[in-house]
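Worksheet: one structure, shown below.
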Amino acid sequence: MPFLPFALPEIGDEEIAEVVDTLKSGWVTTGPKAKRFEADFAAFLGDASLQCISVNSATAGLHLALEALGIGPGDEVITTTHTFTATAEVVRYLGADVKLVDCDPVTLNIDPAAVEAAIGPRTRAIVPVHFAGRAADMARLLAIAQRHGLKVVEDAAHALPTTCGGALVGTLASDATVFSFYANKTITTGEGGMLVTRDAALAARARVMRLHGISRDAFDRFSAQVPSWYYEIVAPGFKYNLTDIAAALGIHQLRRANDFQRKREHLVACYAQALQGLPLQLPAGPAPGDVHAWHLYVVRLAEGAPLGRDRLIEALYAQGIGCSVHYIPLHQQPYWRDRYGLRPGQFPNSQRAYERMLSLPLYTRMTQSDVERVAGALKAALLPL
Ligand SMILES: *Cc1c(COP(=O)(O)O)cnc(C)c1O
């Protein structure tokens, strides 16, 4: 049997034709396609008050958002330990400190009660992550932020398309939301991201800092409508612009985002059916009436399973099935552990989930029989005859 990878992008003929068109156009870096992708993204979110700023990664977008909000040395930003290091590292880029808190034991999203308990005199912002594509408890988090005068930047790397209380993530009342188009995310540009905000000052600052601190972007500088050669450097900015080659992919991936979500949702229903009776805790679904992006399908070994997580992953690999773990919690990573003197006992929900969890393959190019194959391998490992 061929190897079933953990993740695979779905790139179609339209994406390929658009990239070829870009390559032949003579304009390969940030230009008309990046602008179109930004406009299409705003239309997708369906809210004319939003500004969409394309960037070359979600990490870049998170960095730009927190920079524009003025986060710096002496400040503290609260986020979840149950995430990828990018969520937290950008806080350190700015010389501020990270306060990691535990997650909810069911959804694995940041626990609002833990956030509230962690607020101190230096706290400036909260960065929730919509883990696996299931919305965090934004109503409570936004209320806490408002009560304490804190900024909120959503790490929506998993959350396209996700809804929260019926509204698309990206349109909620936070200060900024950042999506990822990394290779394994729900839509991809290879590398890429989108910073979304309603805050005009934040948007203006992020646009400048996205490209070297230049006061207008390359498209404006080199297009005919503006005198071309003059520019001003107003800050030591970054190199975070999205290329037109990448944006060409994004334009067509975005059009397919809802179809992709429905396909993954169907595969999730197939998993739920096929995994019945196995000693596994299946992932939390969305809140009633909401859309789960289903970027990840994370199962946990139940009490009394006949083997541990590491051996189960080995057994799946031996059957030609790739899987992963989301995440090794940040409190276990040497940098974060040692910098803040963290111990697993401070994060019991994340720690316990980590020890028993694995992420099964879930992507649009999978078929129902791929799901059944994964379920069969799990059954052979977990219910030995
Ligand atoms: C992928 C990911 C990121 C980083 O996205 P990039 O586009 O690769 O920079 C940040 N946070 C989370 C939770 C992610 O999964």
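Before moving on, here are some points about what is shown:
- Hits in the stretch 50-77 (condition: surrounded by 22 or more Cβ atoms within 10 Å (Cβ to Cβ) and under 15 Å from the mean Cα position of the chain (by Cα)): Ser54, Val55, Asn56, Ala58, Thr59, Ala60, Gly61, Leu62, His63, Ala65
- The one condition in (1) touching a Gly at 6+ places or on another chain (Cβ under 7 Å); (2) within 16 Å of the ligand (Cβ to nearest atom) that Ile53 fails to fulfil: (1)
- Test for Arg300: is it crowded, with 16+ Cβ neighbours inside 10 Å, more than 16 Å from the ligand (Cβ to nearest atom) and within 24 Å of the chain's Cα centre (by Cα): yes
- Cβ-Cβ distances below 7 Å connect no pair with a first residue in the stretch 82-108 that is away from the ligand (no atom under 13 Å from the Cβ), a second residue that is part of a loop (DSSP other than H, G, I, E, B) and at pLDDT below 95, and a separation of six or more residues or different chains.
- Residue count for the stretch 357-370, restricted to those that are more than 18 Å from Ala293 (Cβ to Cβ) and under 27 Å from the mean Cα position of the chain (by Cα): 5.
- Single residue of the stretch 134-192 satisfying the filter (within 13 Å of the ligand (Cβ to nearest atom) and hydroxyl-bearing (Ser, Thr, Tyr)) that is farthest from Glu116 (Cα to Cα): Thr189
- Residues of the stretch 303-328 that are surrounded by fewer than 17 Cβ atoms within 10 Å (Cβ to Cβ), in contact (Cβ under 8 Å) with a residue 12 or more places away in the chain and either among the hydroxyl-bearing types (Ser, Thr, Tyr) or touching a Gly at 6+ places or on another chain (Cβ under 6 Å) (or both): Ser324 alone.
- Here Leu278, Leu316, Leu267 are screened, and the one residue that is in a loop (DSSP other than H, G, I, E, B) and in the same structural domain as Asn349 (by TED's automatic domain parsing) is Leu278.
- Flag if Val106 is surrounded by fewer than 17 Cβ atoms within 10 Å (Cβ to Cβ) and β-branched (Val, Ile, Thr): yes
- Among (1) out of contact with any Leu (no Cβ under 7 Å at 6 or more places or on another chain); (2) touching a residue at least 24 places away in the same chain (Cβ under 8 Å); (3) away from the ligand (no atom under 16 Å from the Cβ) - the single one Tyr231 does not satisfy: (2)
- Candidate set: the stretch 21-49, residues that are outside any helix (DSSP H, G or I) and without any contact (Cβ under 8 Å) to a residue 24 or more places away in the chain; chosen: the one nearest to His212 (Cα to Cα): Gly26
- Near pairs, Cβ below 6 angstrom, 6+ apart or cross-chain, from the stretch 167-179 (under 14 Å from Gly46 (Cβ atoms)) to any residue that is among the polar types (S, T, N, Q) and within 16 Å of the ligand (Cβ to nearest atom): Val169/Thr162; Gly170/Thr177
- Top-ranked residue in the stretch 80-106 [being in a helix (DSSP H, G or I) and among the polar types (S, T, N, Q); ranked as farthest from Glu154 (Cα to Cα)]: Thr85
The values are calculated or read from the model by the stated rules, or taken from the named source; none is laboratory data. All of these numbers come straight from a predicted model, not from anything done at the bench. Reconstructed Cβ throughout: ideal geometry from the backbone, glycine too, with neighbour counts over all protein chains shown.
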